[in-house]
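Trainee: Below is one structure. I have some questions about it.
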Amino acid sequence: MLVSRRWLNEYVDISDIKTDDIARDLPLVGNEIEEITKISSATGLVIGKIVDCEFHPNSDHLHVCKVNVGKEILQIVCGAPNVRKDAYAIVAVDGAVLPNDITIKKTNLRGVESNGMLCSLQEIGIQEKYVPSEFKDGIYLIDGDDSIIGSDALEYLNYDDEVINFELTANRSDLYSIIGMSYEFAAIYNKEISLPDTNYKVCDDSVKNHINLSVQTKNCSIYITKMVKGVTIKESPKFIKSRLMASGVRPINNVVDISNYVMLEYGQPLHFFDSDKLGNDIIVRMAKDREEVVTLDGEVRILDDSDIVIANNKEAVALAGVMGGLSTEVTSDTKNITIEAAVFNPANIRNTSKNILRSEASIRYEKGVNAHATKEAMDRACHLLEKYADAEILDDYVIYSDIDDKEKTIEITKDKICNVLGMNIKTEEISDIFKKLGFKFSLDKNKYLVTVPFRRLDISIKEDLIEEIGRIHGYADMEGTLPHSILKQGGVSPFEEYKVNIRDYLTSINLNETVTYTLTNVEKSKMFTKDVKNCIQVADPLSEDKKITRYSLIPSLIEVCEYNRARNINDVNIFEISNVYYNDNNDIAQKSLCAGLLSGSYINNNISNIKINSDYYLVKGVVEGLLDYLKLNGRYEFVCDNLPKEMHPYMSASIYINKKYIGYIGCVHPNIIDNVYVFELDLDELFSLKIRNIKYKEISKYPSIIKDMAFVVDKDLESSKIMNVIRKNGTSILNDVQIFDVYTGENVLPGKKSIAFKLTFSNINRTLTDEEVMSVFNDIISKVENELGAELRDK
Amino acid sequence: MIDENLIKEVDEAINNISTYDDLNDFRLKYLSKKGSITSLSSKMKELSNEEKREFGYCLNEFKNSVQSRLNAIKEKMDLEYLNKKLESEKIDITLPGTKITKGYIHPLNRVIEEVKEIFISMGYDVKSGPEVENDLYNFELLNIPKSHPARDMQDTFYINEEILLRSQTSPVQIRTMLENKDKTPIRIICPGKVYRRDNDDATHSHQFEQIEGLVVDKNISMADLKGTLEVAMNKLFGDGRKLRFRPSFFPFTEPSVEVDVSCFKCNGKGCNMCKKTGWIEILGAGMVHPNVLRNCGYDPDVYTGFAFGLGVERIAMLKYEINDIRDFYTNDLRFLSQFKYIEKSDDDASK
């Protein structure tokens, strides 16, 4: 909301308040200010009369002018095509500063001295859209007489006005008007309000003789019409033009400008129809489906039954609350005007302007317009039309209204105010604040009965009043306290804690956490999963790449890997813990995943020749370490089945615990990316597994016996099969088994491999005898040989 | 008793020992079975008993002194030898070590952890909820009906008419209040991912992290909100932070405020970070709107509450002076690795 300070000052005298103070004070009562500027920030501009204008001797387009600026006559060289003798122009004299810090100096143009500059409006910082078309390609020529020679040009044109650009909150519809702003300033600076003049003479014809109004929808709460006759269409007076410009509205002609002026002043949008084009019938109704209306901007708008239209006996002539229609437009030939001042349902206008277009009018209707000021705005328009457009005003109004004339009242105690704010504010001050805000009230033993003015649509409950007291009193002297509640311990849920534990583990082994986007493209949402689910698709995506929720985190981690590789960062060891969402039998389901990616080297010191590169066994070790940490040691199984097709088919494995699938690990298929190893675990499944608490197991005081055995087996036999047989037959004295060597090559037949195991035997109560160890040891060997076709090596 | 010449000779020979070979030669010549010193004992049989004792004593003394001198020489030579060996093992201690490092948590989660810790220590529970939400929880029960103009304040990713990607973590507040059947007091924070239909640029992200807080109890006041946030902000941005409440508007709180914290870079004097104002806008907050309490089964005449919400990216960007929000999501390891260090508060929190 752009507010002209001079306009504001007309209704609330704030001439004694410094601009800097406004900038400081207003945000502290809830009205954010983006910036305070001037219509033109130039300095050193005066009005000059061109008393002589000759062709430049050395140029075919420049003129040499003699310009009377009051104190003196300056010789100025000017290149504008419209420069002419006897015209009044804006002169930037020696030392003037134009926007963008251009300083005007005496100079010499093609051998002729030039002591200043004749300015276009653009050159003094007026936006292109405000410049009248006849002055777009030349200097601005001012209407006037010799009395204006030498006066300050910006002051004369009102371009020295300051503009406050407010960023208002959505609830304060009342502030989208100069009058509403005036009330706000009056409350803040404790000033009196004086409202604009709404008086006019009426002629002896009544509008009732001319208009048949029919409101056929509940979405219009008030509709007032009036007519004026015999308007003269011309340029608006300077103050109207400059104030519209300050407010961001382009001046057009006096009549159109007045409708905008009153809207800005009252926050009540008005619409002017050309009476002769409109005819006598005005119907307010909902649009028919696919009904068309051509709006003022010449666009054909196709409507539906949620749009409100104004129609005459033939067709829709305006899109209610949003924009007028072309067929009844006020043009330079217009003589008679039918004025509409109405209030429409904000929800409908919001919907229409969202689908069709947003205008200054619809912005106000969407937020809410005070229907009790509608008539006053109408009168103000009549006053201005009489004064500046020579209009004759018809008597009476044609009115439809179903608004409630009763003002809202709210009961509140001083204690409630003080308790909610946590501040002790005296009764006198509370009363004083209500007075400043223009709220009528009665006070009975600390209990207020407050009458809310119609303009404050945002106030309906006690808490709204508490906020008014809080913001006008200010929060600066509020002393912070802590809630008086029963002391209790705070914490996170066990599942959240589980996730934090997993994160802690993974960072402790040098994996780095990433955070990536949930939304991805359809193709990626189906990758890296053995059971493709339909993920959640957004209705109105920003792009194809952010269209649907992901089902696996791996594609995101691969993107991170690619991003880093492209920047020569080749050692990428990362993980992420995140939720994914999908459709499950028409329900939305969610699960928590933990995924990791390892690529390049994990530990690296070239100088010492220490290098651990990522490979299947590293990623397996990471996952085994994690599962062990989660106390699932000995319960998990790696099986080469059920793999996502994006994984290497012979260098990947699914992980099962108690036959339940909990995720997978392995090498990513080289079709997707080279040398990348990943894992993904379902944390909901992991968390659902019961684990026992830690219980100390006594360590044997007696020496343990270590024995090695090596078998030659088929190359494809999985080591876990041998391991299982060893464990199964190891009896209670077998404490630990480790694989310490896998060998193929010399001395081992092709198609075979040798695997060596280290077995540790011990007993908690005594020293084992060689015989009993050897008996178990030999039994294991024969079982492995018999069950797996293995052959003991180096017998 | 012992030949003076031999003593002199031995003395000279010992003085001339300078290598392990000399030492061995000496041992061979004087102390081996046939060595000149060992063979002295053969004289014993020619002596009387009286003389034997004296001679034996002298010989022993002599041997011992030779032996102890030899020991000293060997010890010295051993030490020299060891030192030479160590010297030969000299390495360039300035070459890089074989680093075993710890991975780092993402800077956004780092901030979340910090905030969690602060509030858990004040008795808050940490709650989470689904990111795919019902319009009912994300808007309607938060006093934002379908036609409410406040829906313009945030453009939302809808899945269908009723389902959306949550645009704030407030639905977790709603769920917590609704689930609390006994309508007892509540003190929670809810961190999590939220989504808005913004095109990504340096200051906007269609996905970001938010932390909201909610306290519902009897006699909760705005001063309680201020005091609570003062504790949190001083912990997060260092001691001496002041707070400023600016009135604002949110549909789910009344009164509502924007909360500024005094600039922690210039201490309120005015700098580029606070745009010369001395204040940095940090979060939105307010007193829970009575409609929201009522919607969730709490009687607004009995209970009041406060709520606040802060953007994790904003906190991280301010704290670490990061200029582009997209940096959090591209996960350039050169970016992430800058957040692997500890930070140390210079004041003692236990005081």
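The values are calculated or read from the model by the stated rules, or taken from the named source; none is laboratory data. Note that the coordinates shown come from a computational prediction; the quantities given were computed from them, not determined experimentally. With ideal geometry, Cβ positions are generated from the backbone for all residues, glycine too; neighbour counts draw on all protein chains shown. Surface accessibility is based on the protein's heavy atoms, side chains included, excluding ligands, DNA and RNA. Shrake-Rupley method; radii C 1.70, N 1.55, O 1.52, S 1.80 Å.
Trainee: In what order, largest first, do A:Met117, A:Met181 sit by accessible area if the probe radius is 1.4 Å? Before the final figure, lay out each step's value.
Mentor: Numbers: A:Met117 45, A:Met181 0 Å².
Accessible-area ranking of A:Met117, A:Met181, largest first: A:Met117, A:Met181.
Trainee: Kindly sort A:Lys387, A:Lys462 by accessible area of their heavy atoms, largest first, with the probe set to 1.4 Å. List each step's numbers first, then the result.
Mentor: Numbers: A:Lys387 120, A:Lys462 75 Å².
Sorted descending by solvent-accessible area, the residues read A:Lys387, A:Lys462.
Trainee: Sort B:Ile325, A:Ile356 by accessible area with a 1.4 Å probe, largest first.
Mentor: On the way: B:Ile325 15, A:Ile356 40 Å².
Correct descending sequence by accessible area is A:Ile356, B:Ile325.
Trainee: Could you check the spin-label model distance between A:Tyr400 and B:Ser48? Points 7 Å from the Cα along Cα→Cβ, value in nm.
Mentor: 16.0
Trainee: Run through the DSSP bridge list for the protein assembly as shown and note the antiparallel percent, rounded to the nearest 5.
Mentor: For the protein assembly as shown, the DSSP antiparallel bridge percentage is about 95.
Trainee: Would you calculate the separation in nanometres between label points at A:Gln216 and A:Arg110, each defined as 7 Å from the Cα along the Cα-to-beta-carbon direction?
Mentor: Inter-label distance under the simple model: 6.8 nm.
Trainee: Please name whichever of A:Val83, A:Ile142, A:Ala186 sits farthest to the positive end of the charge dipole of chain A, dipole taken about the Cα centre and charges placed at Cβ: Lys and Arg +1, Asp and Glu -1.
Mentor: It is A:Ala186, whose Cα lies furthest towards the positive end.
Trainee: Let me ask something else. Name the shape class, rounded, prolate or oblate, that the alpha-carbon gyration tensor gives for the range A:43-157, where a ≥ b ≥ c are the square roots of its eigenvalues, rounded holds for a/c under 1.5, and otherwise prolate holds if a/b is larger than b/c and oblate otherwise. Write out the running numbers ahead of the final one.
Mentor: Working: a/c = 1.27, a/b = 1.22, b/c = 1.05.
Because its axes are fairly even, with a/c under 1.5, the range A:43-157 counts as rounded.
Trainee: Show me you know the interface measure: the accessible area buried between B and A, both chains summed, probe 1.4 Å, in Å² to the nearest 100. All intermediate terms of the calculation are to be shown ahead of the outcome.
Mentor: Values: alone 21010 and 40690 Å², together 54840 Å².
Using a 1.4 Å probe, the pair buries roughly 6900 Å².
Trainee: Spin-label point model (7 Å from Cα, Cβ direction): what's the A:Ser442 to B:Ile120 distance in nm?
Mentor: Here the modelled spin labels are 5.7 nm apart.
Trainee: Now for a separate question. I'd like the trypsin sites (Lys or Arg not before Pro) in the range A:476-513 restricted to DSSP loop residues with at most 12 other Cβ atoms within 10 Å, sorted by number. Before the final figure, lay out the partial values.
Mentor: Numbers: sites: A:Lys488, A:Lys499, A:Arg503; in loops: A:Lys488.
Those satisfying the criteria are A:Lys488.
Trainee: Under 14 Å from the Cβ of A:Glu523, count the other residues' Cβ atoms, weight Lys and Arg +1, Asp and Glu -1, and hand me the total.
Mentor: Working: positive: A:Lys524, A:Lys526, A:Lys546, A:Lys547, A:Arg550, A:Lys645; negative: A:Glu544, A:Asp545, A:Glu559, A:Glu646.
After counting each charged neighbour, the total is +2.
Trainee: For B:Glu54, tell me the accessible area in Å² from a 1.4 Å probe, rounded to the nearest 10.
Mentor: Accessible area of B:Glu54: about 100 Å².
Trainee: Round to a whole angstrom and tell me the spacing of the C-alpha centers of the range A:530-573 and the range A:676-700.
Mentor: Result: 28 Å between the Cα centres.
Trainee: Before I look further, what does the protein assembly as shown give for accessible area per residue, probe 1.4 Å, in whole square angstrom? List each step's numbers first, then the result.
Mentor: Details: 54840 Å² over 1146 residues.
Result: 48 Å² of accessible area for each residue.
Trainee: Ok, one more. If you filter the range B:226-307 for chymotrypsin sites (Phe, Trp or Tyr not before Pro), then keep DSSP loop positions with at most 10 other Cβ within 10 Å, what is left?
Mentor: Working: sites: B:Phe237, B:Phe245, B:Phe249, B:Phe252, B:Phe264, B:Trp279, B:Tyr298, B:Tyr303, B:Phe306; in loops: B:Phe252, B:Phe264, B:Tyr298, B:Tyr303.
For chymotrypsin sites (Phe, Trp or Tyr not before Pro) across the range B:226-307 that sit outside H, G, I, E and B with at most 10 neighbouring Cβ atoms in 10 Å, the list is empty.
Trainee: Contour minus end-to-end for B:Glu4 and B:Leu79, with contour as 0.36 nm per residue of separation and end-to-end as the Cα-Cα distance? List each step's numbers first, then the result.
Mentor: Numbers: separation 75, 0.36 × 75 = 27.00 nm, distance 3.30 nm.
Full-extension gain reported as 23.7 nm.
Trainee: Distance check, please: which entries in A:Lys488/B:Lys319; A:Lys226/A:Lys436; B:Lys235/B:Lys265; B:Lys226/B:Lys319 exceed 23 angstrom between their Cα atoms? Kindly include the intermediate steps, with their values, before the conclusion.
Mentor: Values: A:Lys488/B:Lys319 30 Å; A:Lys226/A:Lys436 35 Å; B:Lys235/B:Lys265 15 Å; B:Lys226/B:Lys319 21 Å.
As for pairs spanning more than 23 Å Cα to Cα, those are A:Lys488/B:Lys319; A:Lys226/A:Lys436.
Trainee: A further question on this structure: Which Cα, out of A:Ile733, A:Ile781, A:Ser719, lies furthest along the positive dipole direction of the range A:668-795 (beta carbon charges, K/R +1, D/E -1)?
Mentor: After comparing all options, I get A:Ile733.
Trainee: Let me ask another. Take the Cα radius of gyration of chain B and divide it by 2.2 N^0.38 Å, with N its residue count; two decimals is plenty.
Mentor: Details: Rg = 42.2 Å, N = 351, 2.2 N^0.38 = 20.4 Å.
Expressed relative to 2.2 N^0.38 Å, the Cα Rg reads 2.07.
Trainee: Set the bar at 28 Å for Cα to Cα. Now go through A:Lys546/B:Lys181; A:Lys707/A:Lys783; A:Lys105/B:Lys269; A:Lys105/B:Lys275 and name every pair that lies beyond it. All intermediate terms of the calculation are to be shown ahead of the outcome.
Mentor: Working: A:Lys546/B:Lys181 38 Å; A:Lys707/A:Lys783 17 Å; A:Lys105/B:Lys269 39 Å; A:Lys105/B:Lys275 34 Å.
Result: A:Lys546/B:Lys181; A:Lys105/B:Lys269; A:Lys105/B:Lys275 exceed 28 Å.
Trainee: So how far, in whole Å, is the C-alpha centre of the range B:218-251 from the one of the range A:406-433?
Mentor: Centre-to-centre (Cα) distance: 22 Å.
Trainee: How much net charge surrounds A:Lys416 when only the other residues with a Cβ under 11 Å from the Cβ of A:Lys416 are counted, with Lys and Arg +1 and Asp and Glu -1? Mind dumping the intermediate values first?
Mentor: Details: positive: A:Lys414, A:Lys447, A:Lys462; negative: A:Glu411, A:Asp415, A:Glu463, B:Asp301.
Taking every Cβ under 11 Å from that of A:Lys416, the sum is -1.
Trainee: Another one. Take the cross-link list A:Lys660/A:Lys721; A:Lys591/A:Lys631; A:Lys533/A:Lys645; A:Lys660/A:Lys728 and give me the ones stretching past 18 Å between alpha-carbons.
Mentor: A:Lys660/A:Lys721; A:Lys591/A:Lys631; A:Lys660/A:Lys728, as the Cα separations exceed 18 Å there.
Trainee: In the range A:680-765, what chymotrypsin sites (Phe, Trp or Tyr not before Pro) fall in a loop by DSSP, with at most 13 other Cβ atoms inside 10 Å? Working shown, then result.
Mentor: Values: sites: A:Phe687, A:Tyr696, A:Phe711, A:Phe740, A:Tyr743, A:Phe757, A:Phe761; in loops: A:Tyr696.
Passing sites in the range A:680-765 are A:Tyr696.
Trainee: On a full-extension model of 0.36 nm per residue, what is the gain between A:Asp204 and A:Ser41, subtracting their alpha-carbon distance, rounded to one decimal in nm?
Mentor: The span from A:Asp204 to A:Ser41 would gain 53.8 nm if fully extended.
Trainee: Any idea which of B:Phe55, A:Ala170, A:Thr232 is furthest toward the positive side of the dipole for the protein assembly as shown, if Lys and Arg beta-carbons carry +1 and Asp and Glu beta-carbons -1?
Mentor: Result: B:Phe55.
Trainee: While we're here: When 1/r is averaged over all different Cα pairs and the result inverted, which Kirkwood radius in Å belongs to the range A:705-792?
Mentor: Working: mean 1/r = 0.0747 Å⁻¹.
Hydrodynamic radius (Kirkwood, Cα only) of the range A:705-792 equals 13.4 Å.
Trainee: Regarding chain A, what is the average projected area of its C-alpha convex hull, in nm²?
Mentor: Details: hull surface 229.3 nm².
The number I arrive at for chain A is 57.3 nm².
Trainee: Note down the relative contact order for chain A as a percent, whole number, built from C-alpha pairs under 8 angstrom at least six residues apart.
Mentor: Values: 1539 pairs, mean separation 64.9, N = 795.
Relative contact order for chain A comes out at 8 percent.
Trainee: Keeping all protein chains in the complex and leaving out DNA, RNA and ligands, what accessible area do you get for A:Asp16 with a 1.4 Å probe, in Å² to the nearest 10?
Mentor: 100
Trainee: Let me check I've understood the local charge: for A:Arg550, count other residues with C-beta under 13 angstrom from its C-beta, Lys and Arg +1, Asp and Glu -1. What total comes out? Provide the component values of the computation, followed by the final result.
Mentor: On the way: positive: A:Lys524, A:Lys526, A:Lys533, A:Lys546, A:Lys547, A:Lys591, B:Lys193; negative: A:Glu523, A:Asp545, A:Glu559, A:Glu576, A:Glu680, B:Glu131.
Here the charged neighbours net out to +1.
Trainee: Set the Förster distance to 51 Å, then compute FRET efficiency between A:Asn675 and A:Ser782 from the Cβ-Cβ distance, nearest 0.05. Show your work: numbers first, answer last.
Mentor: Values: r = 43 Å, r/R0 = 0.84.
Computed FRET efficiency for A:Asn675 and A:Ser782: 0.75.
Trainee: If the chain between B:Glu12 and B:Leu31 were fully stretched, how many nm would it gain, using 0.36 nm times the residue separation less the Cα-Cα distance?
Mentor: Numbers: separation 19, 0.36 × 19 = 6.84 nm, distance 1.52 nm.
Fully extending the segment from B:Glu12 to B:Leu31 adds 5.3 nm.
Trainee: Another question, if that's okay. Given charges of +1 on the Cβ of Lys and Arg and -1 on the Cβ of Asp and Glu, with all other atoms neutral, how large is the dipole of the protein assembly as shown about its Cα centre, in debye to the nearest 20?
Mentor: Working: 143 positive and 179 negative charges, 669 e Å.
In debye, rounded to 20, the protein assembly as shown gives about 3220.
Trainee: How large, in percent, is the carbon and sulfur part of the accessible surface of the range A:273-395 at a probe radius of 1.4 Å? Intermediate values should be presented prior to the final figure.
Mentor: Numbers: 2000 of 4640 Å².
Here it works out to 43 percent.
Trainee: Taking the Cβ-Cβ separation of A:Glu134 and A:Glu34 as r and a Förster radius of 35 Å, what is the calculated FRET efficiency to the nearest 0.05? It would help to have the intermediate numbers written out before the result.
Mentor: Details: r = 33 Å, r/R0 = 0.94.
Approximately 0.60, to the nearest 0.05.
Trainee: Pop the C-beta distance of A:Arg24 and A:Thr413 into the FRET formula with R0 = 30 Å and round what comes out to the nearest 0.05.
Mentor: Values: r = 33 Å, r/R0 = 1.09.
Once rounded, the FRET efficiency stands at 0.35.
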